[in-house]
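What follows is one structure encoded as structure tokens, with my remarks underneath.
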Amino acid sequence: MAIAQVLALSSSTSSFVRTDRPKVRRAAPSRVAAAAAGATVGEPARRLVAAFDPAIPLASAVTPPSEWYTDPEFLRLELDRVFLRGWQAVGHIGQVKNPNDFFSGRLGNVEFVICRDAHGKLHAFHNVCRHHASLLACGSGQKTCFQCPYHGWTYGLDGALLKATRISGIKNFNKNDFGLLPIKVATWGPFVLARFDNFAQDTVDDVVGDEWLGSASDLLSRNGIDTSLPHICRREYIIECNWKVFCDNYLDGGYHVPYAHGALASGLQLQSYETLTYERVSVQRCESAPAEQEDIDRLGTKAIYAFVYPNFMINRYGPWMDTNLAVPLDATRCKVVFDYFLDESLLDDQDFIDQSLKDSEQVQIEDIALCEGVQKGLESPAYGVAIVSIRRLFIDRRL
């Protein structure tokens, strides 16, 4: 894997990968995966990986070099080796709740569309017309078919080519050969997952949780993360930092909270903070401080923050659940998508909702300032690598 492999809160995003992932034989990358990565990754990026030693004991370890957060070539390697292999969170089921619902997205060079056909079956496809490469769908909504805006080629929500314009006289044309290219799709709880490699075996939803979350799936289920809470809203942020900087900040957990998030820290009992590590998941847990009588009780009695490798975060606290998806845009920019979910009993309490979202927004503003400041420091000649802080309680749950 091409991400940092140090089991520490202040480490890089793949803190859970080196010893936890089983070693498997991989087939050569598919043409689709290779094209999605952009091109063959060069030797400089591979040398950056080779220069980092994940076997150094934690007490002596250093962080990955700053080039991991600034080098475009390294991001291409991550897209090929990390994002385009294995299950990735791409949305939530509320976006495709009803027949004919769809939403589109992009990961690296992969344009994709997720949809539910008229019979209620969930599908995912490369969002590219097979005729002249135009994108077919944009945004989200409802459609009974996808029609190319360029030449009018039309596809069903099952991916079949329904109409090809001006093809008379073309020899050996079989429209069955020109359907949309499929992508594997599944759901776990309220989340829609996709995988973009062509070598994944067929899977079903009742086992995808084990593939995606490993042995952490039971813990997350017991803490209400796989329940279908109503979706309240979505907020998106373009942040001037490498996607791993945002993830590092999340994994940093209680280390920076007392210094950067004063209001949040006052609602948590930080002495109770603990971290559990699994194969592909890190779970941070913390008890909440008793709310003052005049305050809203947004955090409940315990907060759980789950990081799912490589870029998905799930936060469950009180009646709320929110998710953060960090999508790389380039080597020094990312888009972070926040989705908020709330217990049905509070859907009519607009004051509670508004105040909770305001409090959450304050934390995001503070974190964005931190992340953008770190990115500038990583690009400075004054920084190369740093020590790893390990003064935390870690409970290793690898099975």
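The values are calculated or read from the model by the stated rules, or taken from the named source; none is laboratory data. Since the model is a prediction, treat every value here as computed from it, not as a measurement. Ideal geometry is used to build each Cβ from the backbone, glycine not excepted, and the neighbour counts take in all protein chains shown.
See the values below:
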item: Residue, modelled with the highest pLDDT, within segment 352-361, restricted to residues that are under 22 Å from the mean Cα position of the chain (by Cα) and surrounded by 14 or more Cβ atoms within 10 Å (Cβ to Cβ); result: L357
item: Checking H92 against (1) in contact with a His (Cβ under 7 Å, 6 or more places away or on another chain); (2) surrounded by 19 or more Cβ atoms within 10 Å (Cβ to Cβ); (3) over 21 Å from W188 (Cα atoms), the condition it does not meet; result: (3)
item: Selected residue (criterion: modelled with the lowest pLDDT) from residues of segment 132-176 that are more than 20 Å from P99 (Cβ to Cβ) and among the aromatic types (F, W, Y); result: F173
item: Members of segment 107-124 found to be touching a residue at least 40 places away in the same chain (Cβ under 8 Å) and of a type outside the set (A, V, I, L, M), listed by number; result: G108, N109, F112, C115, R116, D117, H123
item: In segment 162-194, residue nearest to V207 (Cα to Cα) [restricted to those that are buried (at least 21 other Cβ atoms within 10 Å of the Cβ) and among the aromatic types (F, W, Y)]; result: W188
item: Candidates C247, C241 - the one that is among the hydrophobic types (A, V, I, L, M, F, W, C), assigned by TED's automatic domain parsing to the domain that holds F338, at pLDDT 95 or above and part of a helix (DSSP H, G or I); result: C247
item: Among (1) under 23 Å from H256 (Cα atoms); (2) of a type in the set (K, R); (3) at pLDDT below 95 - the single one R398 does not satisfy; result: (1)
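Residues checked against (1) closer than 19 Å to I353 by Cα; (2) assigned to a strand (DSSP E or B); (3) modelled with pLDDT of 75 or more:
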{"position": "S272", "(1), (2), (3)": "no, yes, no"}
{"position": "E292", "(1), (2), (3)": "yes, no, no"}
{"position": "L299", "(1), (2), (3)": "yes, no, no"}
{"position": "I304", "(1), (2), (3)": "no, yes, yes"}
{"position": "F307", "(1), (2), (3)": "no, yes, yes"}
{"position": "P310", "(1), (2), (3)": "no, no, yes"}
{"position": "N315", "(1), (2), (3)": "yes, yes, yes"}
